[in-house]
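Scroll down for the structure; my scribbles are underneath it.
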Amino acid sequence: MNSSSRSSLSVDLPLHFTTRIPPRPEALAGVWPRPEVLTAVETDVGHAFADRDLLGAALLHRSASSEAGAGEWAEAQRLEFLGDAVLGLLSADWLLAHAPSDTREGALTKMRSRLTNTEAFAEVARRIGLDRAVVLGRGEDLTGGRSRASLLADTLEAVFGAIWLDGGWPAAAKAFDHLFVEEREVALRAGTDVNPKGAAQELALRRWGTAPTYVLVDCSGPAHARRFLVEAHLAIPGAEGEVRELSARAEATSKQAAEVAAAAILLRVMRAE
């Protein structure tokens, strides 16, 4: 199936509101994201903001505004609220356009959950450097906030909320197409299995009393664009000590995503046995 960008909707009118963030308190001047940070994020998401304050607000965590004396300035959280809905809509629209035409609502919902869960969002956030770009309070930073999946997912949602307010559907869809290539393919491969690794293990144990193993075959590419090739392997014991082997390989931008993709392929092979 062609996985290039294609929307199931035809959008001629702007689908964004004219909402803008309120003037930021003077106390935030010292913690506001630096211009070079904003530029780097714009480059990574593929959208140049007309209103860069929207992006700045998305990257300013409430812990930083609180420590700066401006209270828990809630604009990032408000943008998260919007971005969560935007990403849900973009994911649903893409799946309608690319999933098999006989895919039922329940299956589409399961596929969408692979695209819109915390881990998927956090992986995209790490890949584009939001773990470095988000401005945190000292306490949040020292307690591992930059590596916390929930915080990174929230930041990605806030950025998409900002993109929507700045450029509407076209800008948000373009950023989604640019950033979620890997996650969309994994969702399609996984099909209705929300947890392919768990499903593969359960099936293998039930049928053959053994579980799949996963081996990192190769890791290539520069540090900022790693590619991981993983092989899922299942050794099925047979009569007289014979062993029959099933395997599947998949590549992704993280070891975890590659394992999930390989498990989804292996699961299809196992079910065909």
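Read-outs: derived from the displayed coordinates by stated rules, not from any lab. The model shown is predicted, which means the values in this text are computed figures rather than measured ones. We place every Cβ from the backbone using ideal geometry, glycine too, and count neighbours over all the protein chains shown.
Length gained on full extension, residue 219 to residue 185, computed as 0.36 nm times the residue gap minus the Cα-Cα distance: 10.3 nm.
For the range 74-79, 3J(HN,Hα) computed residue by residue from phi via the Karplus equation (6.51, -1.76, 1.60; θ = phi - 60°) reads 8, 5, 4, 5, 5, 5 Hz, glycine and proline entered as x. Taking other C-beta atoms within 10 Å as the exposure proxy, 240, 80 rank 240, 80 from fewest upward. Between residue 27 and residue 117, the simple spin-label model (points 7 angstrom out along Cα→Cβ) gives 3.9 nm.
For the chain, a Gaussian network of Cα nodes joined below 10 Å ranks 185, 242, 67 by mean-square fluctuation, and the top entry is 242. For the range 100-166 versus the range 226-273, the spacing of their alpha-carbon centroids is 27 Å. Distance between the modelled labels on residue 142 and residue 227, one decimal in nanometres: 4.3 nm (7 Å Cα→Cβ projection).
Per DSSP H run of n ≥ 4, the term is -39500 (n - 2.57); total these for the chain, divide by its residue number, and report the mean residue ellipticity at 222 nm rounded to 500 deg cm²/dmol. It comes out at -17500 deg cm²/dmol, rounded to the nearest 500.
Between the entries (i) 78, 46, 30; (ii) 61, 43, 32; (iii) 66, 36, 30, the label attached to Cα extents along the principal axes in Å calculated for this structure is (i). Principal axis extents of the C-alpha atoms in the range 26-180 (largest first, rounded to whole Å): 54, 33, 23. The ranking of 42, 182 by Cβ neighbour count inside 10 Å, starting from the fewest, reads 42, 182. Compared with the dominant principal axis of the Cα atoms in the chain, helix 255-272 is inclined by about 40°. For the range 196-272, the Kirkwood estimate of hydrodynamic radius, built from reciprocal distances between every pair of different alpha carbons, is 12.8 Å. Summarising the label geometry, the points placed 7 Å from Cα in the beta-carbon direction at residue 236 and residue 74 lie 5.7 nm from one another.
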